[in-house]
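To start, the structure itself, in structure tokens.
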Amino acid sequence: MINADRLWRNIETLSTFTDPANPWTRRAFTPLHQQGRRWLEEQMELAGLVVSMDGAGNLIGRRNGRKPNLHPLVTGSHTDTVNAGGRFDGILGVLAGIEVAHSLNEHELELDHPLEVIDFMSEEPSDYGISCVGSRAMAGKLDAVMLSSPDHTGETLAQGLSRIGAQPSTIASAKRANKSTAAYLELHIEQGPVLEQKDLPIGVVTHIVGGRRIAVTILGTAGHSGTTPMPLRSDALVAASLLVAGAYRQATRLNGSEHYVVATVGRLLVEPNMANAIPGKVDLVLEVRSDSNSVLDSFPEDLLSVIAADIEPLDVQISMKELTRSDVTNCSSELIQVIDAVASELGYGTMHLPSGAGHDGVYISQTGPIGMIFVPCLNGRSHCPEEWAALEAVQAGTQVLLHSLLKLDRTLSQP
Ligand code: HGY
Ligand code: MN
Ligand code: MN
């Protein structure tokens, strides 16, 4: 029922809105992201969707249903990328939603529920340090501290939102009440190796692991690298390296049959960052993810106590500030059953699996039941230019999305 060629052409076209020297990069709040959104608005309108933007910068395409008093069925994802990211993470979910709207029109199918296709604002960690900006606002969890978070130029998230045409002063109006979403269903690449290894076309997500991002600042003493004797140094980067290696070891030790635990330091800035100067300051972001909220609660604090003896002689000051925290989020068992049934009816093999990646559904779950459909990606890789999904996978996932929404429309509107 879907037009896979049209969908594939749209994926290819959206990927052209990238930094040509650093594919594929379309960071939120940048002119490239804005240009991509102008194109996206046109695609939404071509699919018969009425387009609007809420106070948090979410781009919303809406299709009315026969029963306007019903809460909407919502699908979508994000079109912002990480630096040097891929062409499918998030992008597939938004464009598949637009393809669903086209298919409904072309087959003259009316839904009882309104349908919304949403491109959420800044799902990836923004330069202000905050991720899931738009969906967090919909859950009423984009607070004043987050809105005042600065990027490296000093611009705050609120100023960034104003710059892209959102209205931070009306952020509260973006909040959606609990039970105001009939169902949220997102199509996404798995971003891991499991479906490919098992040669399965469809993954049905059971839960999204929780995550914590902590900004860590380490203050030592800058100095001349040639004249400062080793015992007199207070080298911030040596301390940072102990923390990075310690996080790796601690997560490796904790990860296992009982819990899923991963920890990463993917962002680290050194000052003065000169070959002949002792690093006086390091800013880094420690990220830990787990299906255990108690591991999330204690990981950074446990890490500091484990490395304390090795850090002590370095005479540095370490401070930590929590940037974001999301708890483990369960997908709706009803939506899981619908996706299972639809995939089986369409002849696609499935498996249930957790999502190690975070998604906007974590926040949209505050407004209604959520479900996620995964499709395999090449070598399980994502957040890198090698990220890739086959046309067959894109087609299968979008078919399952379309028919799952049709089934939900029927079952949820029955009294
Ligand atoms: O970081 C994540 O898990 C998601 O890809 N933004
Ligand atoms: Mn991502
Ligand atoms: Mn994503």
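Some observations on this one:
- Taking the criterion of being surrounded by fewer than 24 Cβ atoms within 10 Å (Cβ to Cβ), more than 12 Å from ligand 1 (Cβ to nearest atom) and either farther than 13 Å from residue 204 by Cβ or without any contact (Cβ under 8 Å) to a residue 24 or more places away in the chain (or both), the only residue of the range 347-364 that qualifies is 347.
- Flag for residue 282 being β-branched (Val, Ile, Thr), over 23 Å from the mean Cα position of the chain (by Cα), surrounded by 14 or more Cβ atoms within 10 Å (Cβ to Cβ) and closer than 22 Å to residue 179 by Cα: no
- Consider the range 78-115 and keep the residues that are away from ligand 3 (no atom under 16 Å from the Cβ) and in a loop (DSSP other than H, G, I, E, B). The one that is surrounded by the fewest Cβ atoms within 10 Å (Cβ to Cβ) is 108.
- One residue from 297, 310, 283 being touching a strand residue (DSSP E or B) at 6+ places or on another chain (Cβ under 8 Å) and either under 28 Å from residue 81 (Cβ atoms) or not in a strand (DSSP E or B) (or both): 283
- Subset tally (residues that are more than 19 Å from residue 188 (Cβ to Cβ) and within 16 Å of ligand 1 (Cβ to nearest atom)) for the range 84-108: 1
- One residue from 259, 207 being assigned to a loop (DSSP other than H, G, I, E, B) and either in contact with an Asp or Glu (Cβ under 8 Å, 6 or more places away or on another chain) or closer than 16 Å to residue 356 by Cβ (or both): 259
- Residues located in the range 210-252, provided they are outside any helix (DSSP H, G or I) and either surrounded by 19 or more Cβ atoms within 10 Å (Cβ to Cβ) or among the charged types (D, E, K, R) (or both): 210, 211, 212, 213, 214, 216, 218, 220, 233, 234, 235
- Among the residues making up the range 54-77, those that are outside any strand (DSSP E or B) and touching a helix residue (DSSP H, G or I) at 6+ places or on another chain (Cβ under 7 Å) are 54, 55, 56, 57, 58, 67, 70.
- Count of the range 365-415 residues which are within 16 Å of ligand 2 (Cβ to nearest atom), aliphatic (A, V, I, L, M) and part of a loop (DSSP other than H, G, I, E, B): 1
- Extreme residue, farthest from residue 181 (Cα to Cα), among residues of the range 118-153 that are in contact with a His (Cβ under 9 Å, 6 or more places away or on another chain) and part of a loop (DSSP other than H, G, I, E, B): 127
- Some residue of the range 73-91 being more than 19 Å from the chain's Cα centre (by Cα), among the hydrophobic types (A, V, I, L, M, F, W, C) and over 23 Å from residue 355 (Cβ atoms): no
- Of the residues making up the range 303-325, those that are within 30 Å of residue 135 (Cβ to Cβ) and touching a Leu at 6+ places or on another chain (Cβ under 9 Å) are 303, 319, 320, 325.
- Sole residue being within 16 Å of ligand 3 (Cβ to nearest atom) and in contact with a strand residue (DSSP E or B) (Cβ under 8 Å, 6 or more places away or on another chain), chosen from 292, 382: 382
- With respect to the conditions (1) at pLDDT 95 or above; (2) over 22 Å from the mean Cα position of the chain (by Cα); (3) not β-branched (Val, Ile, Thr), residue 20 falls short on a single one, namely (1).
The values are calculated or read from the model by the stated rules, or taken from the named source; none is laboratory data. Given the structure is predicted, the values throughout are model-derived calculations rather than measurements. For neighbour counting, all protein chains shown are included, and Cβ atoms are generated from backbone atoms with ideal geometry for every residue, glycine included.
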